[in-house]
Amino acid sequence: MTPQRGSVPLPTTATPPSHALTVLVAVLTLVTLELVRSSGPLLDMAFSQGVVSTAGAALLTYLLPGAVVPILLLAGRRLGPLGPVVVGTAALAVARLLVQGLTAGARFGVGLATVALGVAVLMVAVTALAGLTGGRRATAALATGFAGAVGLQLVLGTWDAYWRHDAVGWSVTVVIVAGLLVSAAAAHREMPSTIAPVRAGRVWALGLALGLSASGSAPCSRSARHG
């Protein structure tokens with residue numbers, strides 16, 4: 001039945017495109033897992049100041065994402081529905097490049113702050129994807145990122161690019177950062193402006209889950225913390 005002239009078109013309930021956002025969540029998961037693994041060796045540096053200092057640094061690192069999320073929501077609200085995700089991803093890309101060039105003690109504060117930023121950005125991105133497509137696709141994107149992180153770690157011989165200051169380390173880092181930026185830009189372009197903006201979701205336990213999942217591989221990287 002064809003609509004008559006002057007009739008009001010019916011609203012569509014079609015799911016908005018989210019292919020690029022799905023890829024972005026997978027890449028963010030890979031990057032965040034690498035950062036979470038790095039937090040173990042970084043926190044080891046605080047043992048010289050005592051166990052209390054180490055515990056405080058760990059607690060602050062994994063509580064900080066809860067404070068970063070509202071900042072991202074506020075900073076990106078004028079850039080469209082995925083503005084917070086785009087702003088957060090861009091900041092994470094810069095931070096990841098920065099921390100790659102730091103060594104020893106200079107990495108401690110910047111490295112742990114980057115861990116918190118990565119967890120916060122991933123939380124916002126997962127919330128956005130789950131809100132658009134449901135939890136099944138968000139879970140699949142997370143699983144893909146987990147698999148990619150494990151595969152990359154095996155290829156690198158459990159010595160993450162984060163701890164490498166050679167051509168391999170920088171090459172992997174640049175490729176990952178480029179993947180973040182390209183997928184974030186694509187997700188921003190494909191998302192209709194009529195979609196409701198991203199809101200803080202109930203994914204507060206994501207940081208804990210990432211920490212637990214990465215804890216088994218963290219010791220493999222600790223020998224490289226002075227590298």
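So that you can scan it fast, the table gives a plain yes or no per residue for (1) over 18 Å from V119 (Cα atoms); (2) modelled with pLDDT of 90 or more:
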position	(1), (2)
G169	yes, yes
V175	yes, yes
S193	yes, no
V198	no, no
V203	no, no
S213	no, no
S223	yes, no
H226	yes, no
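Condition check: at negative phi, crowded, with 19+ Cβ neighbours inside 10 Å and outside any helix (DSSP H, G or I). Does P81 satisfy that? Yes: the conditions hold for P81.
Of all residues in region 85-107, which are more than 21 Å from A178 (Cβ to Cβ) and either crowded, with 18+ Cβ neighbours inside 10 Å or polar (S, T, N, Q) (or both)? Passing the criteria: T103, R107. Among V87, V99, which is the only one that is in contact (Cβ under 8 Å) with a residue 40 or more places away in the chain, in a helix (DSSP H, G or I), touching a helix residue (DSSP H, G or I) at 6+ places or on another chain (Cβ under 7 Å) and at negative phi? The unique qualifying residue is V99. If you go through region 110-125 and pick out every residue that is over 12 Å from L64 (Cβ atoms) and out of contact with any Gly (no Cβ under 7 Å at 6 or more places or on another chain), you end up with 4. Note on region 40-69: residues that are on the phi > 0 side of the Ramachandran plot and surrounded by 19 or more Cβ atoms within 10 Å (Cβ to Cβ) total 0.
Every residue, every condition in (1) modelled with pLDDT of 50 or more; (2) touching a helix residue (DSSP H, G or I) at 6+ places or on another chain (Cβ under 7 Å); (3) β-branched (V, I, T); (4) part of a helix (DSSP H, G or I), yes or no:
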| position | (1), (2), (3), (4) |
| --- | --- |
| P3 | no, no, no, no |
| T12 | no, no, yes, no |
| T15 | yes, yes, yes, no |
| V25 | yes, yes, yes, yes |
| V31 | yes, yes, yes, yes |
| L35 | yes, yes, no, yes |
| S39 | yes, yes, no, yes |
| L42 | yes, yes, no, yes |
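Only one entry of L64, L59, L24, L73 meets the criterion of being among the aliphatic types (A, V, I, L, M) and in contact with a Ser or Thr (Cβ under 9 Å, 6 or more places away or on another chain), and that entry is L24.
All conditions but one from (1) under 13 Å from S183 (Cβ atoms); (2) of a type in the set (S, T, Y); (3) more than 13 Å from the chain's Cα centre (by Cα) apply to S53; the one that does not is (1).
The values are calculated or read from the model by the stated rules, or taken from the named source; none is laboratory data. Fair warning: this is a prediction, and the values are worked out from it, not measured in the lab. When we count neighbours, we look across all protein chains shown, and the Cβ atoms used for this are built from the backbone with ideal geometry, even at glycine.
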